[in-house]
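Handing you a structure now.
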Amino acid sequence: MNRNRLNYKLYIFKSVLLWTLLLIGAIQLMAQNKTSNKTADTVLLKNNHAQETTPGRLFEIGNQRSTGAISTAYGETLYKTTTPSITNTLYGLLPGLNVIQGSGEPGFDAASLYIRGIGTYGVNGYKIFVDGFEVDNNYFNYMTPAEVESISVLKDAAALATFGMEGANGVIWVVTKRGHIGKPIISFQTRTGQQSPITLYKPLNSFGYANLYNQAISNDNGMVWNPKYSPAQLQAYQNGTGTNVDWFNQVVKNNGAYTDGDLMFNGGDQNSKYNVVFDYANQQGLYNVSNSSITSNTQTSDEQFQRYNLRANLDFNMFSIFEAKVDIGGRLENRKSPNYTSNFSTAKLWNDLANYPSNIYPVYDTTGTNGANTHFSGTTIYPNNPVGSIQGLGWQSNSVRELLGNFSLKEKLDFITKGLYLSEAYSFNSYVQSTYNKTGTYARYIGGTTTTADKFGSIVASSQVAQAQSDWRQAWFTLGYNKSFGNHSIISAINYQNSSFRGEGLFPYKINRENISGRANYAYKNKYIAEFGFSYYGSDAYAQGHNWGFYPAISGAWIISGESFFKTNSILQFWKLRASVGKSGNQDANSPSNFASNGRFLYQQYYGINSSTLYLGTTTPTGGVNMLNPLYIANPNVFAEASMKYNIGTDLTLFKNLAISFDLFLDKRSGILTQDNSLPGYFGNNVVFNNVGKMTNKGFEVSASYSNTIGKKVSYNINGMAAFAKNTIDYEAEVPPAYQYNAQTGRAYGTPIGLVSQGFYQLTDFNPDGSLKSGQPLPLFGKVQPGDIKYKDLDNNGVVDQNDVTAIGKPALPTLTYAFGGSINFIGFDFGILFQGASGNSVNLLNVPGMQGFVNNGNAFPIQQGAWAYYPSQNIDTRATATYPRLTTLANTNNYRTSDFWMQNGDYLRIRNIELGYSFNTQKISSLLLSKLRVYTNLVNPVTFSSLLKNYNIDPQTISGYPPLKSFNIGIVAVFK
Amino acid sequence: MNNKSKYLLVLITGILVLSVGCTKDFLNTRIDTNYTDATIITDRSTLFSFAAACYGSMQYGYTAIDNNIFASVSDEAQQTSASSNALVFNQGIINANNNPDGGLYKTYYDGIRACNYFLTYSVNGNQFLALNRDTISDPVGFANDKMNLVWYIAEAHICRAYYYAELIKRYGGVPIISETLQQASADSILVPRSSYDAVVTYIVNEIENNKAGLQLNWATSSYAGNAGRFSLGSALALEARVLLYAASPLHNPSNDVTRWQKAAAAANAVISTAGLNYTLYTGGYQNYFMGANSIGSTETIFAIRRPANSTIETQNYPISTPGGNSGVCPSDNLVSDYEWIGAVNPTNPYANRDPRLAASIVTNGSTWNGRVIDQSSGATDDMANRNASRTGYYLKKFLTDGLNLVNSGTASNQWVAYRYGEILLDFAEAMNEAYGPDNNPQGYKYTARQALMLVRNRASASLPSVAAITTASGFRTILKHERRIELAFEDHRYWDLLRWQDAGTVLNQPIMGVKPTLVSAGVWSYTPITVATRTFNAPTNYYYPFSHADIVNSNGTLTQNPGY
C-alpha cells in the first residue's frame, strides 16, 4: 500500500514536472520568433466555426440550403468531458444519437452509439467517415477532441443519399481541424484528474452473508431452522475474529489518475496552411496494485491506457488551379491489464468480486509452513482469489498502431467553364494490434496444501502476437459544378469512390466496395430548394451480376421567412420547412457462426471440415477422422437489406436568439437477412438465409438553443434537446408462437419476453404436505414453497409454463434521450453544465452479478436482505414486507427466470459535466506572449438520478463488469500569439 | 499560366490518377477458405470425409447430460450440483419448451441428413475414387478405396438406423427422412410421424438389407485401424436391442410373444454368428471399463472412442480430491440392491457384497484417490462440505483411480455403447419372455438361464443361487435386477424403467443416501437420509415431448406426444 502511494505521488510529480517543462519550453520558443503585437487571430478561440455551413458528402452547403436532417457538435464542446474515448464525449450533444455507456475499463470504455435508435434486427452498425473517408471504430473511438473540427450525425434520406449500401443505419461524419490564413497560433491545453467509480455494487460482509445463508439453507430444509453458521460463528464474524475479507477493498482502490494534454500549431498564408496536433493521454486503472515497469519481473499490474495522437493537416495552393491537401493522422495506443482477462477485458474479475463471499478464505493462506503472505488461498469452488488475479498472474499488454494518410488534389476548371472542378483523392489507413504478455501462475492453498490443479509458475514472457492487422485503401474522383445565374443557383457533384479493406488473419481477406454517387442542390431565389442524390453501389458480398443496387433520394426545403408576405418581425426571424424521402441499403449481415466472412458470400455453397468426433482403432486414439458437411444451403439471390426513409423537419429562429429545430422520421426496413426458422428439426443441420425480415422505426428529434447577453459583461446560453425513436419488428420469420402474446414479432426489437409475477406464495397457499392448494395454477419450473414468486397463468390452462410469457418490459435501448444545460460568461469567469438523461428502457436485474444470491455458490447482497422469510422462533418474519423471493442455496428455476419481477425501470438523469473556468485578462497576459490563458476545473458524471442507483446501488447503464467512472479534473488552456 | 498548359497539367494528373484506378474484378474478392463444389471434386479424399460425417452425431456417453453420464436422470444417482439439467427429469417438469436432452432430436437428424447426403453423393463413388489417380500403377490403393467405399455405404445405412433407434427410444414414432430434404419445396419437407413399429421395421430392414456390405469384425481383419466404425456385429447388436425394446411392455401392450421371439433371435445372431466371437472380459469387471481395456476386448461390440481425457474423473472425483467435482452421486437405492455374498457384517454394510459394488461405487471407508473416504463430521470428506457427495457415495465405475488432475493427468475413457454382457442379458430377457427361463425350442446357443449365469458367474461365483426361480415372472424380476447391477451407470437404467413401464413406480421413489458417523477408528454407523424427492409423470413422461417449435413448424403434420 505504501509503495503504491509513493509510486502514485511520484507519478503525479513527474507528470506535473513534464507539463511545466513543456509549457516553459513552448513559451521560450515563441518568445524567440514573435515580435508582432497585433492581436492574434482568434479563429481557434471563439466558437466562430463555419457554422453557416452544414457538413456532408461531396460538398458542404450553406445551412439555409441544406435539406437534410443533420446534427453537428464541435471539438471544444466535446473537450468538456474529460475521458479518453471520444464516444463518451457525445452524450447529449447530438439529437438523434443514442450514446450507451459501456464499462469504465481503461482502453475499453468506448460507448455504443445508435443513430435514431435501432432500425434493424440485423446488424445495426452505423458508418463513420473522417474527412470523407470511411474509418472503423478502432480509429474513431480514440480520436482526440483537439483534432476534431466537427462531428455530425447524418440521419435522413437527403443526408444519406450518396452512401448507398452504407447509409441505412446512419453515418457519423467527422471533419478534422485545418489551418487558417493568418498569424501562427500555438495552443496548449492539459488537464489532470482523479477518476472513481460512479458506484460499486458491493456484497454484504461475512456477518450479513452468514445470517442470510442460515435462512437460505433452512428454506431448503423444508423451512425448518437448520443454520449452517452457529451463533458463535456469527459472533466471530461480527466482532472481527472470523474470516471477513472485503474483496472489493482488497482489489479496488478509490481513485485512478487521468492526464491528457494537447499541443497545437495552426497557421498559414495564401499558398499553404497547416494544423498540427499532438496529444497524449494517460489513464490509470482502479486496481490496488502498482503498475510495474515494463522491465520488471513482478507479477502485478493495474489497468493502464496510454494514447499518443499526432495529426498534421496541410493545405497547398498551386498554379491557381490546384488545391492539394495532405493529412496524416497517426496514433499509438498502449493498454495494460492484469492477466486475468477474456478478450482483453477484466470483466470476469468483477464477477468474481461480486460472487466470492467474504468468509470463504483469508487472502493468504498462512497455515502450516506458509507463515508469510506468499501463498494465495483458493479452493476448487472459488479458485480465483481476486487478489491473486491481480497480483499473481502477471500482465497482458496490447498495443495498437494506427496510421491514416489522406491525399487529395482539386483542379479548378474555371478556365473551361466557371464553377467546374475535378478532384481526386487517395487514402490509406493501416491498423496493427498486437499483444505482449508476461504471465505467471500461482498455486491455491488452503491449510498449507494445494487445492486445485494450479501450480506456481514464475513469470514468463509470451512472444509478440499480432491480433489484428488491416489496411484500408480508398480512392475517389469527383466532378463538380457550382453556378449561380439570376435567381437560380446549383451546387452539384458526381463521384466515383472505391474502398478496399484488407485484413490479415488465418486467411487474408478483402472487402471491396464501389460507389458511383451524385448530388445536386438547386435553389430558386434562395427560397425554394430541391435536392436530388443517388448512389449506385456495388458490394463484393453478393453474386457477380447481382451485386449492384440503386439508391435514389429526393428532398426539398421552403424558406417561408424568405417570402415577401412574411414581413420582418420581432418574433419570428427565420422559418424553414424540409422534407426528404429516399432509399438506402445495409450490406452488413449476420451469418452462420461457422463461416468466417460475416454474412458475405452466402451465395456460394461451402463445405466445412468439422472438428472430428470419429476416432478409430483398437488402442487409445489420438487424432480423429475428418468429417465434411455443407455449412449451409447457399442462396444465390442474397442481397443487401433495404431502408426507405421519410423525414420532415423545420428550423426556426424566434426572438432573434432562440433557435429551434424539429424533425419527424419514419424508416421502413425490408429484406433483412434472416435465418429461416420455419424448418422442422428433422430437416437437419443446414441453415438457410433469406432477405425476408421487415421492421419499422419512427420518432422525432427536437432541439432548442437560446443565447443572449446581459449588459456587456455577461453572456449566457441555455439549450436543450430530446430525441425519441421506437421500432417494431414487422416480420422476422420467428418460430410461430403458441399465442400471439408470446411473440417477438409486432414488438420493439429486444423487448424482454417473460412471465408476469403476482407477488410471493404465502403459507396459506399450501396444504400441510407442502403441495399447492387446488385452484392455483401449478408452476412447471420446479417445486414451489412459501416465498417463491407466483406467476400469472396467462392461458388459463392450470399450469404456468413457457407459454405464459409475454412482453414484460421495454428493450434495453432507451426510446427517449434528452439533454439540457447552459453556460454563462462574466468578467473572465465561465460556468457550464450539461444534464443528460434517458428513459423508456428496462434493466433485467438477473443480469447483475450476484442477483441470484447463494445459487451456484454465490454471494449475498443488500437486496437479499429483503427476502421472504418466516422463522418465528428466530424472530424473522418478512412475509408482509418481502421485496425479494425466499433465499435458497439450490438452483431455483422458478424464481430466477425472466419475469417482470426482475425488470426495473432504467430511466436516469445524469449531470454529464460541470465546468468552472477563469480566463485571464488578455491585456495582462500579452506580456507573456499569450493571447489566452484559462484555468478551469470540471466534474464529469458527478451526479446521477436513477431509481436503480438509489434503490440498489446499481448504475443504470453499466450493470456488470468494470464500473463506469466519474471524475474531478483541473485543466489549463494557453494560446500563444 | 496559359490555358494550354493548364489543360496539359490537368490531363497529366488525370492520366496518373486513372492509371492507379479500378480493375475489372474489383468486386470479386471471394476467398474460398472452405471447400466449394469446385474444389471438392478435385480431392477424392473428401468422399471419405463426407462418409465420416455420418458418425458426427454419435454421442459420447460420458458427456450425456451436465457434461456427465446420464445416470442421475434415473434412480441410480443424484447430481451434486443443485442446478443440474438432470433436475428437469428428476422433477418431472420436462415439457415442450424445457427439455435438456431435447437438442438431441436435431443432432440425430443432423446425423441422418449427413447419412442421406453421403448415400446420394456416393452414387458414382467409384469414378470419383479414380479421379486424379493412375489406377493402373496404384491398383492396391484403388482397390482398397473401393472396398472402403462399400463398407462406408453400408455403414451410412447403419448409422442412420442407429440414429432412428436413439430417436424412437426417446420420442416414440418419428418422421422417417430417407433422403436429403431440399428447402425449395416447402410442402415436401412436411413429413408426418411414422408409428413406432414402422420405424422399428425400417431400422430392421436397413440392417438386414445392408449387413452384407459391412465388415464382419474390424479387430480381427487386416483393417483393425478402422475399429470403431460399424461392423456386422455392432449392426446386429443394434438390431437386437431395438427388437428387445419393441417387444417390451411399453411398445407391446398386447404382449405379442412373437416380438419377444424376434428379439431373442436377433440377440442369438450376435451370440452365434460365426466370426464375431464375442466373449466376456475376464480381466475383472472394474478393469473392463477402465483405460483402453474396453476397446481391446472381445466383449466390446461398439464403443465411441475419444482421445485420453479426464472429463469423467474431473466431474466425479470427490470434491476433496483436488480438481474433483463430486458429480454423479450413486444412490443408496442402487447400493442396497447389490446382493450379499456372505454374512451381513454388522459394522460394515459394504463388506461381503456382490464385488460389482466395490467395482462401481466408492463407499464410505473404502480407499479411493489415495485415501480412505471418511465422510463423517469433520473428516476430509465431510458430507456437510460444500459440493460434497449428497448420498454418501461417489462414482467409481469407468473412473481411473489416482489420476493427478492437478498435473493435468488424463486417462483413456472409452464409452462402450454395446457390449456382449448386455447382449447376453437382452437375450436372456427375450428368451424368458418368449419361452421361459429354461426352454430353448429354437436350439439357440443358450437358454435364458444359461445366458444370465454367464454374466453372474463372471461377476462372482458366490452370488446367491437363482436356481429355485423357475417361473417366467420370477425370472423376470431376477433379470431386471441383474440388468440394474451389471449395466449400472451405462445409460440403460432409465430406458429400461421406461420400456418395462416401471418408471411410474420406481422414479417416484425418493433418492436415498447414508450419513456416516464415526464410531471408532475405521468403524462407522450409517443413518439413512432422504436426498431428494423425485417426480415422474406416468404415462406422459414415457416419451419426450417434441419441441414446441417443431410442432408449430410442422404445420399440423407432427402430432405431439400425449400429455405435453
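If I ask for residues that are in contact with a Gly (Cβ under 7 Å, 6 or more places away or on another chain) and more than 12 Å from chain A (Cβ to nearest Cβ), which ones from region B:401-412 would you list?
Kept after step one, since they are in contact with a Gly (Cβ under 7 Å, 6 or more places away or on another chain), are these residues of region B:401-412: B:402-403, B:405-406, B:411-412.
Across region B:401-412, the qualifying residue is only B:Gly402.
Which number in (1) open to solvent by 10 Å² or more (accessible area, probe 1.4 Å); (2) at pLDDT below 90 marks the one condition that A:Tyr426 misses?
(2)
Another one. So which residues in region B:269-294 are assigned to a helix (DSSP H, G or I), of a type outside the set (Phe, Trp, Tyr) and open to solvent by less than 20 Å² (accessible area, probe 1.4 Å)?
Of region B:269-294, the ones assigned to a helix (DSSP H, G or I) are B:269-272, B:285-288, B:293-294.
Keeping just the survivors that are of a type outside the set (Phe, Trp, Tyr) gives B:269-272, B:286-287, B:293-294.
Answer for region B:269-294, where residues must be assigned to a helix (DSSP H, G or I), of a type outside the set (Phe, Trp, Tyr) and open to solvent by less than 20 Å² (accessible area, probe 1.4 Å): B:Val270, B:Ile271, B:Ser294.
Residue-by-condition table, conditions (1) surrounded by fewer than 16 Cβ atoms within 10 Å (Cβ to Cβ); (2) within 14 Å of another protein chain (Cβ to nearest Cβ); (3) of a type in the set (D, E, K, R):
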position: B:Asn333; (1), (2), (3): no, no, no
position: B:Glu339; (1), (2), (3): no, no, yes
position: B:Gly342; (1), (2), (3): yes, no, no
position: B:Thr347; (1), (2), (3): yes, no, no
position: B:Tyr350; (1), (2), (3): no, no, no
position: B:Ala358; (1), (2), (3): no, no, no
position: B:Arg371; (1), (2), (3): yes, yes, yes
position: B:Ala384; (1), (2), (3): yes, yes, no
position: B:Tyr394; (1), (2), (3): no, no, no
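Now for a different question. If you scan region A:447-460, which residues turn out to be open to solvent by less than 60 Å² (accessible area, probe 1.4 Å) and in contact with a strand residue (DSSP E or B) (Cβ under 9 Å, 6 or more places away or on another chain)?
At the first step, the residues of region A:447-460 found to be open to solvent by less than 60 Å² (accessible area, probe 1.4 Å) are A:447-448, A:450-454, A:457, A:459.
If the condition is that a residue be open to solvent by less than 60 Å² (accessible area, probe 1.4 Å) and in contact with a strand residue (DSSP E or B) (Cβ under 9 Å, 6 or more places away or on another chain), then A:Thr451, A:Asp454, A:Gly457, A:Ile459 are the ones that fit.
What number of residues within region B:456-491 satisfy the criterion of being free of Cβ contacts under 8 Å to residues at least 40 places away in the same chain, hydroxyl-bearing (Ser, Thr, Tyr) and not in a helix (DSSP H, G or I)?
Here is the first cut: in region B:456-491, the ones free of Cβ contacts under 8 Å to residues at least 40 places away in the same chain are B:456-457, B:461, B:465-471, B:473-474, B:477-478, B:480.
Filter once more, keeping what is hydroxyl-bearing (Ser, Thr, Tyr): B:465, B:470-471, B:473, B:477.
If we keep only those that are not in a helix (DSSP H, G or I) as well, we get B:465, B:470-471.
Final tally of qualifying residues: 3.
Checking the conditions here, which among B:Ser465, B:Ser460, B:Ser408 is modelled with pLDDT under 95 and under 30 Å from B:Asn67 (Cα atoms)? It would help to see each step written out before you state the result.
Working: B:Ser465 fails: under 30 Å from B:Asn67 (Cα atoms); B:Ser460 fails: under 30 Å from B:Asn67 (Cα atoms).
Exactly one of B:Ser465, B:Ser460, B:Ser408 is modelled with pLDDT under 95 and under 30 Å from B:Asn67 (Cα atoms), namely B:Ser408.
Can you find a residue in region A:923-936 that is without any contact (Cβ under 8 Å) to a residue 24 or more places away in the chain and buried (at least 17 other Cβ atoms within 10 Å of the Cβ)? Working first, answer last.
Taking region A:923-936 as the starting set, the residues that turn out to be without any contact (Cβ under 8 Å) to a residue 24 or more places away in the chain are A:923-925, A:927.
From what is left, the residues that are buried (at least 17 other Cβ atoms within 10 Å of the Cβ) are A:925.
Yes, region A:923-936 contains at least one residue that is without any contact (Cβ under 8 Å) to a residue 24 or more places away in the chain and buried (at least 17 other Cβ atoms within 10 Å of the Cβ).
Could you list all residues from region B:135-174 that are acidic (Asp, Glu) and touching a helix residue (DSSP H, G or I) at 6+ places or on another chain (Cβ under 9 Å)? Reasoning before the result, please.
Step one: filter region B:135-174 for residues acidic (Asp, Glu), giving B:138, B:145, B:155, B:166.
Answer for region B:135-174, where residues must be acidic (Asp, Glu) and touching a helix residue (DSSP H, G or I) at 6+ places or on another chain (Cβ under 9 Å): B:Asp145, B:Glu155, B:Glu166.
Give me the residue from region B:510-522 that is crowded, with 20+ Cβ neighbours inside 10 Å and farther than 20 Å from B:Asp101 by Cβ and, out of that set, nearest to the other protein chains (Cβ to nearest Cβ).
Here is the first cut: in region B:510-522, the residues crowded, with 20+ Cβ neighbours inside 10 Å are B:511-514, B:516.
Still in the list and also farther than 20 Å from B:Asp101 by Cβ: B:512-514, B:516.
Details: B:Met512: 17, B:Gly513: 15, B:Val514: 18, B:Pro516: 19 Å.
Once the filter is applied, the top-ranked residue is B:Gly513.
OK, next. Consider region A:62-72. How many of its residues are within 15 Å of A:Lys527 (Cα to Cα) and of a type in the set (Val, Ile, Thr)? Break it down into steps so the answer makes sense when it comes.
Narrowing region A:62-72 to residues within 15 Å of A:Lys527 (Cα to Cα): A:62-67.
From what is left, the residues that are of a type in the set (Val, Ile, Thr) are A:67.
Total meeting the criteria: 1.
Let me ask another. Against the definition (over 30 Å from B:Asn90 (Cα atoms) and crowded, with 21+ Cβ neighbours inside 10 Å), how does A:Arg910 come out, yes or no?
Values: over 30 Å from B:Asn90 (Cα atoms): yes; crowded, with 21+ Cβ neighbours inside 10 Å: yes.
So A:Arg910 passes the test.
Now, a different point. hydroxyl-bearing (Ser, Thr, Tyr) and at pLDDT below 90 - does that describe any residue in region A:546-558? Please lay out each step first, then the result.
Pass one, region A:546-558, residues hydroxyl-bearing (Ser, Thr, Tyr): A:551, A:555.
Now narrow it down to the ones that are at pLDDT below 90: none.
The answer is no; no qualifying residue exists.
For the structure I just gave you, tell me whether B:Gly296 is closer than 26 Å to B:Asn387 by Cβ and at pLDDT below 95. Before the answer, list the steps.
Details: closer than 26 Å to B:Asn387 by Cβ: no; at pLDDT below 95: yes.
Answer is no for this residue.
Which one of A:Asn719, A:Asn727, A:Asn691 is over 30 Å from A:Ser919 (Cα atoms), away from chain B (no Cβ under 14 Å) and within 28 Å of the chain's Cα centre (by Cα)?
Numbers: A:Asn719 fails: over 30 Å from A:Ser919 (Cα atoms); A:Asn691 fails: within 28 Å of the chain's Cα centre (by Cα).
Among A:Asn719, A:Asn727, A:Asn691, only A:Asn727 is over 30 Å from A:Ser919 (Cα atoms), away from chain B (no Cβ under 14 Å) and within 28 Å of the chain's Cα centre (by Cα).
Oh, and also: Condition check: open to solvent by 10 Å² or more (accessible area, probe 1.4 Å), in contact with a Phe, Trp or Tyr (Cβ under 7 Å, 6 or more places away or on another chain) and not acidic (Asp, Glu). Does A:Gln194 satisfy that?
Details: open to solvent by 10 Å² or more (accessible area, probe 1.4 Å): yes; in contact with a Phe, Trp or Tyr (Cβ under 7 Å, 6 or more places away or on another chain): yes; not acidic (Asp, Glu): yes.
Yes; evaluated as a whole, the condition is true for this residue.
Output yes when any residue across region A:693-703 is open to solvent by 40 Å² or more (accessible area, probe 1.4 Å), farther than 30 Å from A:Phe574 by Cα, part of a strand (DSSP E or B) and not aromatic (Phe, Trp, Tyr), and no when none is. Please lay out each step first, then the result.
If we filter region A:693-703 for residues that are open to solvent by 40 Å² or more (accessible area, probe 1.4 Å), which is where we start, we get A:694, A:698, A:700, A:702.
Filter once more, keeping what is farther than 30 Å from A:Phe574 by Cα: A:694.
Adding the requirement that they be part of a strand (DSSP E or B) leaves A:694.
The next check asks that each one be not aromatic (Phe, Trp, Tyr); those that pass are A:694.
Yes, that holds for at least one residue.
Can you pull out the residues in region A:736-771 that are within 14 Å of another protein chain (Cβ to nearest Cβ), open to solvent by 60 Å² or more (accessible area, probe 1.4 Å) and either closer than 22 Å to A:Lys726 by Cβ or touching a helix residue (DSSP H, G or I) at 6+ places or on another chain (Cβ under 8 Å) (or both)?
In the first step, residues of region A:736-771 are kept if they are within 14 Å of another protein chain (Cβ to nearest Cβ); the result is A:736-740, A:742-745, A:753-755, A:769-771.
Then drop every residue that is not open to solvent by 60 Å² or more (accessible area, probe 1.4 Å), which leaves A:739-740, A:769.
Scanning region A:736-771 gives A:Tyr739, A:Gln740.
Filter region A:139-191 for residues that are open to solvent by less than 10 Å² (accessible area, probe 1.4 Å), at positive phi and over 22 Å from the mean Cα position of the chain (by Cα) and give the result.
A:Gly164, the sole residue that qualifies.
Considering only region A:495-515, I want to know if a residue exists there that is crowded, with 20+ Cβ neighbours inside 10 Å and more than 14 Å from every other protein chain (Cβ to nearest Cβ).
No; the residues of region A:495-515 include none that is crowded, with 20+ Cβ neighbours inside 10 Å and more than 14 Å from every other protein chain (Cβ to nearest Cβ).
A follow-up question, please. Please find, within region A:516-540, the residue that is farthest from the other protein chains (Cβ to nearest Cβ) out of those that are of a type in the set (Gly, Ala, Ser) and touching a Phe, Trp or Tyr at 6+ places or on another chain (Cβ under 7 Å).
A:Ala530
Looking at A:Leu679, A:Leu658, which is the one that is open to solvent by less than 50 Å² (accessible area, probe 1.4 Å), away from chain B (no Cβ under 14 Å) and either of a type in the set (D, E, K, R) or over 28 Å from the mean Cα position of the chain (by Cα) (or both)?
Working: A:Leu679 fails: away from chain B (no Cβ under 14 Å).
Only one candidate passes the filter, namely A:Leu658.
Counting only residues that are open to solvent by less than 10 Å² (accessible area, probe 1.4 Å) and either in a strand (DSSP E or B) or within 14 Å of another protein chain (Cβ to nearest Cβ) (or both), how many does region A:874-892 have?
3
Something else now. Just the residues that are of a type outside the set (A, V, I, L, M, F, W, C), more than 14 Å from chain B (Cβ to nearest Cβ) and under 29 Å from the mean Cα position of the chain (by Cα), please, taken from region A:849-873.
In the first step, residues of region A:849-873 are kept if they are of a type outside the set (A, V, I, L, M, F, W, C); the result is A:849-850, A:852-853, A:856-859, A:862, A:864-866, A:870-873.
From what is left, the residues that are more than 14 Å from chain B (Cβ to nearest Cβ) are A:849-850, A:862, A:864-866, A:870-873.
Answer for region A:849-873, where residues must be of a type outside the set (A, V, I, L, M, F, W, C), more than 14 Å from chain B (Cβ to nearest Cβ) and under 29 Å from the mean Cα position of the chain (by Cα): A:Pro849, A:Gly850.
Determine whether A:Ile416 is over 21 Å from A:Asn512 (Cα atoms) and crowded, with 18+ Cβ neighbours inside 10 Å.
Numbers: over 21 Å from A:Asn512 (Cα atoms): yes; crowded, with 18+ Cβ neighbours inside 10 Å: no.
When the stated conditions are applied, A:Ile416 does not pass them.
If you take the residues of region B:523-564 that are over 25 Å from B:Gln501 (Cβ atoms), away from every other protein chain (no Cβ under 13 Å) and among the hydroxyl-bearing types (Ser, Thr, Tyr), which of them is surrounded by the fewest Cβ atoms within 10 Å (Cβ to Cβ)?
B:Thr527
The values are calculated or read from the model by the stated rules, or taken from the named source; none is laboratory data. None of these values were measured; they are calculated from a predicted model. In this analysis, Cβ positions are derived from the backbone assuming ideal geometry, glycine residues included, and neighbour counts consider all displayed protein chains. Accessible surface areas use protein heavy atoms only, side chains included; no ligands, DNA or RNA. Shrake-Rupley method; radii C 1.70, N 1.55, O 1.52, S 1.80 Å.
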